[in-house]
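The structure under discussion appears below in the form of structure tokens.
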Amino acid sequence: YASNALLFQSFGFTSIPTVHADRSRVWQGDIPLITAMHDPSRIGLSIEVTGSTSEINADVNVKFGYDFTNSLNISVFLLHDSLVANQANYYNTDATSVYYKAGNPMPGFIHRNVMLKPGTDMFGDVIPSSSIDLEAVYNKKVTFRSFTCNDIKQMVVVAIVAASSGDKAGEVLNCIEAKVGQKTDFVYDDD
């Protein structure tokens, strides 16, 4: 994918697999790191996804429970939740791995949540500061075209709101997902 190099450079990936939690911290399995990231964001998200095998539409709303002074971005992506393809297997000779002797490559491997297309800039479109106010709602509509789809039920749209300035720059504040035909009312991360 053309954006891989940009993502690698931006997040500082040096190898695969690498797990970045909340886009900002390299995660190596330590649970306290994840637990500490559960601060309330005070941003609600709703999403409605409609479409067909040739066009998918996402209608995303962001509701602010706080008058943020930092810049915020919204990213919207089209994912495939069950893409079948060959997978390189670097663990084929590692007896401790669940993929030991599974072949290299592993044919017919099911890849989950594979990004097919960005609907915004890879790192998000700026939410205008004039739209960010206590109880205000910002709307983002995205249409995806020119994608390959064998089963519309496996297509997923994900929307992410992240801080783009200040001490939390780059951190995800809230996210939501929906499949075609689903509508999800506001989900808040403020508990």
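The values are calculated or read from the model by the stated rules, or taken from the named source; none is laboratory data. Keep in mind it's a predicted model, so treat the numbers as computed, not measured. For neighbour counting, all protein chains shown are included, and Cβ atoms are generated from backbone atoms with ideal geometry for every residue, glycine included. Side chains are part of the model used for accessible areas, which takes the heavy atoms of the whole protein and leaves out ligands, DNA and RNA. Shrake-Rupley method; radii C 1.70, N 1.55, O 1.52, S 1.80 Å.
Data overview
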| read-out | value |
| --- | --- |
| Contour excess over end-to-end distance, with Cα ends at Arg112 and Thr184 and 0.36 nm allotted per residue | 23.8 nm |
| Added length on full extension, which subtracts the Cα-Cα distance from 0.36 nm per residue, Thr96 to Glu55 | 10.4 nm |
| Over the range 62-162: Kirkwood hydrodynamic radius from C-alpha pairwise inverse distances, Å | 16.5 |
| Asn86 paired with Met122, simple spin-label distance in nm, labels 7 Å along Cα-to-beta-carbon | 2.6 |
| Average accessible surface area per residue within the range 84-155, 1.4 Å rolling probe, Å² | 67 |
| Full-stretch length increase - Thr148, Ala169 - with 0.36 nm per residue and alpha-carbon distance subtracted | 4.2 nm |
